[in-house]
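The values are calculated or read from the model by the stated rules, or taken from the named source; none is laboratory data. The structure presented is a predicted model; accordingly, all values stated were derived computationally and were not measured. So basically every Cβ, Gly included, is an ideal-geometry build from the backbone, and we count neighbours across all protein chains shown. Calculation scope for accessible area: heavy atoms of the full protein, side chains included, ligands and nucleic acids excluded. Shrake-Rupley method; radii C 1.70, N 1.55, O 1.52, S 1.80 Å.
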Amino acid sequence: IFQVGPKKEVAECKEKFASSADPTVSQAFMLDRVFNPEGKSLPPMRGFKYSSWSPLGCDSNGRCLLAALTMDNRLTIHANLNRLQWVQLVDLTEIYGERLYEASYKLSKADTPRGELGDFSEFQRRHSMQTPVRMEWSGICTTQQVKHNNECRDVGSVLLAVLFENGNIAVWQFQLPFLGKESITSCNTIDSGITSPSVLSWWEYEHNNRKMSGLIVGSAFGPVKILPVNLKAVKGYFTLRQPVVLWQEMDQLPVHSIKCIPLYHPYQKCSCSLVVAARGAYVFWCLLLISKAGLNVHNSHVTGLHSLPIVSMTADKQNGTVYTCSSDGKVRQLIPIFTDVALKFEHQLIKLAEVFGSVRTHGIAVSPCGAYLAVITTEGMTNGLHPVNKNYQVQFVTLKTFEEAAAQLLESSVQNLFRQVDLTDLVRWKILKDKHIPQFLQEALDKKIESCGSTYFWRFKLFLLRILYQSMQKAPSEVMWRPSHEDAKILVSDSPGMGSTEDDQEEGTSKQASKQSLCDTGKGMDIDDTADDSLPQSSDIGGREPMEEKLLEIQAHIEAVEMHLTREHMKRVLGEVYLHTWITENTSIPTRGVCDFLMSDDGYDDRTARVLIGHILKKMNKQTFPEHCSLCKEILPFTDRKQAVCSNGHIWLRCFLTYQSCQSLVYRRCLLHDSIARHPTPEDPEWIKRLLQGPCTFCDSPVF
């Protein structure tokens, strides 16, 4: 798949090397799957070597990009553009090969010309400089772009570092949102000087509001060092003056994984950077601290963790906790504790055998907010014998209690439910299990709403009310997705499908794998026990009325919170209209209808909204600019925030981001199917396109 020369010349060289009389050439060529991906009698190379997720906000939907390295060494970038549909956006292996071919396989013009392709060493060199080993994404940074009228505007960008077999590192710079080949800004190649490189990670450090960055490279022979990365036109970006060696001993302990964790030093009263690397059965750590004297480096090893080499390592960047695992099913939790000079680690053993039985572990990962630890396992030995077949499973272990998750959601600086979905999942399952919202959580949330009134806490309240409503509904007697082969007649009112919405079924089904232990516990519970505290017996006709009243009460609370969030977003939309329109200018947004809708409720008394509406009506100069039905040209009145109905009965759904009627057959929907939104059009001004890029106003989910 690599472009190492003209196709005809490459084919001739391959035939020459395969039939060479020198066994060091012919055997090296035939057994190396990089040169010989077909392999003839060897098994086909299917699957993936490595994958890396970008930060949130890199694709057109504000979600993550996926960089995937296949077994045949092809590096591609994929995006989830539509729901449950992944699309390949670019093939970086092909683009990088074309760049090398145009540069005659020289990294710089000063490089001396190498040998011909017919030389086996040159053939190997051209392949090794294109064979990726690892790739990692940086954080999102801001670059300056000059427009045609010489104005500068800030444009988001992200970097992807690709480590190659020969020690070179290609740093790709992509403009956001990443759409494909046209979003590639630049590609620079760095010589790391590391022989037999094995792992790569970004080093990102913030000191006095100045962001520093570099690349940490580890070798299969043991050394670890940080390389400077020079970038142009990146605001507030700095790098090292020269490489910094963190570990230089060639002790033959291969570096398997590297993690960089930003922390705050309580004794030095400044930010610091903790670098941890898995080397054999040990964990190498290095504390980097910038002071007046320069860059301080403290390093050491944590020993006595595992009896076998570490196969996977992950880190919780919220608190700096590190998790390691070996193939014997043992997971270690390492908690950093700062001292006056550097730090030390307290570690404890997590025995998976007590939870899952005898298992072999192949990899671990911690969720973004540290609520879950995902573990890839296969069956362990039984009676001293290995299993005949391997069945890979992803197991989930909870790392936080419900109280810790709720407290973290209340004090979160992110203020986005979608970005904290692992924490909300813990809260959701607690409410579903207990069928009530804990009193301490209700009181703390009410205090937050009263003190600051942020819409984030209103969305959190809406989330809790919806889960409570779901828990109060009658549970189906059978699993909804399992087909029924019985032909028995039943009454519609007694149908098990009547008590659950489509969204609830989908949400419940998607969590069965991650909540296996909870499901198993639920199966063993007595039905009478689960219904005693809050749910009445289904046969108790007299108990149905209180339950229906309770459901109606919860539904009323849900509608009240949704209306509050709608009004707050309407105020934001009207603010954008006021800032970006001239006097009596007609926008596609039903401005007069939104104003009338806000003022239609006598109980709604918001001085900010009244002042804003007064200014807008004065600017509109008695103009109404109503929407018209595209089928019959009748006026579409603004009487409902969810839909518009003309006098002839034509119904159009309204966009929840701009409140325009979606008069087309194609529109977008949020991830949890809360609301719908229209697609941006070329005629839309920039401020309307910016509004249409927002998340769902009810659940913070992206819109597809």
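Here Ile583 meets each of (1) aliphatic (A, V, I, L, M); (2) farther than 28 Å from Phe457 by Cα; (3) open to solvent by 40 Å² or more (accessible area, probe 1.4 Å); (4) part of a helix (DSSP H, G or I) with one exception, condition (4).
Among the criteria (1) touching a residue at least 40 places away in the same chain (Cβ under 8 Å); (2) within 25 Å of Leu227 (Cα to Cα); (3) surrounded by fewer than 21 Cβ atoms within 10 Å (Cβ to Cβ), the one Ala293 does not fulfil is (1). Among the candidates Gly593, Gly575, the residue that is assigned to a helix (DSSP H, G or I) and in contact with a helix residue (DSSP H, G or I) (Cβ under 8 Å, 6 or more places away or on another chain) is uniquely Gly575.
For the stretch 287-321, the set of residues classified as assigned to a strand (DSSP E or B) and farther than 18 Å from Thr339 by Cβ consists of Ile290, Gly294, Leu295, Ile310, Val311, Ser312, Met313, Thr314, Ala315, listed by residue number. Checking His615, His650, His673, His679 one by one, the residue that is of a type outside the set (S, T, N, Q), surrounded by fewer than 17 Cβ atoms within 10 Å (Cβ to Cβ) and at positive phi is His673 and no other. State which residue is least open to solvent (accessible area, probe 1.4 Å) when the search covers only the stretch 437-456 and only residues that are under 25 Å from Lys550 (Cβ atoms) and among the polar types (S, T, N, Q). It comes out as Gln442.
Screening the stretch 38-97 for strands (runs of 3 or more DSSP E) wholly inside it with 1 or more residues that are charged (D, E, K, R) and under 24 Å from Ala11 (Cβ atoms) returns the ranges 85-91. Of Lys225, Lys259, all but one fail to be farther than 19 Å from Ala170 by Cβ, of a type in the set (Lys, Arg) and either under 25 Å from the mean Cα position of the chain (by Cα) or in a strand (DSSP E or B) (or both); the exception is Lys259. Restricting the first member to the stretch 94-106 and to residues that are over 15 Å from Ile169 (Cα atoms), and the second to residues that are outside any helix (DSSP H, G or I), the beta-carbon pairs closer than 7 Å and six or more apart or on different chains are Glu98/Gln3; Tyr101/Gln3. Counting only residues that are modelled with pLDDT of 90 or more, outside any strand (DSSP E or B) and out of contact with any Lys or Arg (no Cβ under 9 Å at 6 or more places or on another chain), the stretch 141-175 holds 2 of them.
For the stretch 376-398, does any single residue satisfy the condition of being in contact with a Leu (Cβ under 8 Å, 6 or more places away or on another chain) and more than 20 Å from Ala353 (Cα to Cα)?
no
Here's the yes/no breakdown for (1) touching a Leu at 6+ places or on another chain (Cβ under 8 Å); (2) open to solvent by less than 20 Å² (accessible area, probe 1.4 Å):
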| site | (1), (2) |
| --- | --- |
| His306 | no, no |
| Ile310 | no, yes |
| Gly320 | yes, yes |
| Tyr323 | yes, yes |
| Ile337 | yes, no |
| Glu354 | no, no |
| Thr361 | yes, yes |
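Candidates in the stretch 29-58 are the residues that are open to solvent by less than 40 Å² (accessible area, probe 1.4 Å) and touching a helix residue (DSSP H, G or I) at 6+ places or on another chain (Cβ under 8 Å); of these, the one that is modelled with the lowest pLDDT is Asn36. Tell me, please, whether a residue that is open to solvent by less than 40 Å² (accessible area, probe 1.4 Å) and charged (D, E, K, R) can be found in the stretch 253-275. The answer is no; no qualifying residue exists.
Taking the criterion of being of a type in the set (Val, Ile, Thr) and either buried (at least 16 other Cβ atoms within 10 Å of the Cβ) or closer than 25 Å to Arg332 by Cβ (or both), the residues of the stretch 383-413 that qualify are Val394, Val397, Thr398, Thr401.
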